[in-house]
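Beneath this line is the structure, given in structure tokens, with notes to follow.
The values are calculated or read from the model by the stated rules, or taken from the named source; none is laboratory data. Predicted model, so just to flag it, every value in this text is computed and none were measured. Ideal geometry is used to build each Cβ from the backbone, glycine not excepted, and the neighbour counts take in all protein chains shown.
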Amino acid sequence: WVQSGFLGRGGFSVVHKQHEKSSGLCRAVKTIDKSRMPTQLDYSRELLVMALLAKHPSLFVQFHGWFEQSQNLYIAMEYLEKGDLGKHIGEPLPQETVQTITKQLLEGLSIMHKKGITHRDLKPENIFVVTMSPVWVKIGDFGIAKRVRDKDPTTLHTQ
């Protein structure tokens, strides 16, 4: 696999596009700097959440695997060429498109709720576009997601 582009940056991670020379397949790889993570976050939580949601590939960015070194954790995920929803909402979207996006997000959130998962950072930049015509989006970036129980606090300040 060869790194072939920058996709984004978070509070303690960077995401790059990688491609395989022989097949041309692409993936997104999130590099998490473990030394920069807040102590209340456990990076294995993101792996667990992605594994729990893997049976729903039409609703969630797919997890392909992970690799850990002393300072960094690497998470390989599905690469979606259209990028995040934030790049597509500079101008108002048609009402039908917004309704379809909302329906897809609510379906994903319903599955997360049934599994006791809260995303805690749902925003256009964490909703990824498969296609805009017809519109199809997936929920991604589970970096601060949490499995919750009735009395668990879920407050976390993000950067």
Reported set for region 94-108 where residues are surrounded by fewer than 13 Cβ atoms within 10 Å (Cβ to Cβ) and either in a helix (DSSP H, G or I) or among the β-branched types (V, I, T) (or both) is Q95, E96, Q99, T102, K103, L106
Regarding region 77-97, can at least one residue be identified that is in contact with a Cys (Cβ under 7 Å, 6 or more places away or on another chain) and among the charged types (D, E, K, R)? no
Only one of (1) surrounded by fewer than 19 Cβ atoms within 10 Å (Cβ to Cβ); (2) within 22 Å of R27 (Cα to Cα) does not apply to I75, and that is (1)
Tally the residues that are surrounded by 14 or more Cβ atoms within 10 Å (Cβ to Cβ) and of a type outside the set (A, V, I, L, M, F, W, C), restricting the search to region 12-31. 8
Give region 61-72 a look and list any residue that's surrounded by 14 or more Cβ atoms within 10 Å (Cβ to Cβ) and among the hydrophobic types (A, V, I, L, M, F, W, C), or say none. V61, F63, W66
Contact list please: Cβ distance under 7 Å, first residue in region 116-138 and within 17 Å of E96 (Cα to Cα), second residue at pLDDT 95 or above and of a type in the set (G, A, S), pairs at least six apart or on different chains. V129/G83
Quick check on L106: is it over 18 Å from the mean Cα position of the chain (by Cα) and over 24 Å from V15 (Cα atoms)? no
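I'd like the full set of residues that are part of a loop (DSSP other than H, G, I, E, B) and within 25 Å of T31 (Cβ to Cβ), limited to region 109-124. Outline the logic, then answer.
Initial filter on region 109-124 (part of a loop (DSSP other than H, G, I, E, B)): 115-116, 119-123.
If the condition is that a residue be part of a loop (DSSP other than H, G, I, E, B) and within 25 Å of T31 (Cβ to Cβ), then H119, R120, D121, L122, K123 are the ones that fit.
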Any idea how many residues of region 134-153 are modelled with pLDDT under 95 and either surrounded by fewer than 10 Cβ atoms within 10 Å (Cβ to Cβ) or part of a helix (DSSP H, G or I) (or both)? 4
Is it true that some residue in region 32-46 is in contact with a Lys or Arg (Cβ under 7 Å, 6 or more places away or on another chain), surrounded by 14 or more Cβ atoms within 10 Å (Cβ to Cβ) and modelled with pLDDT of 90 or more? no
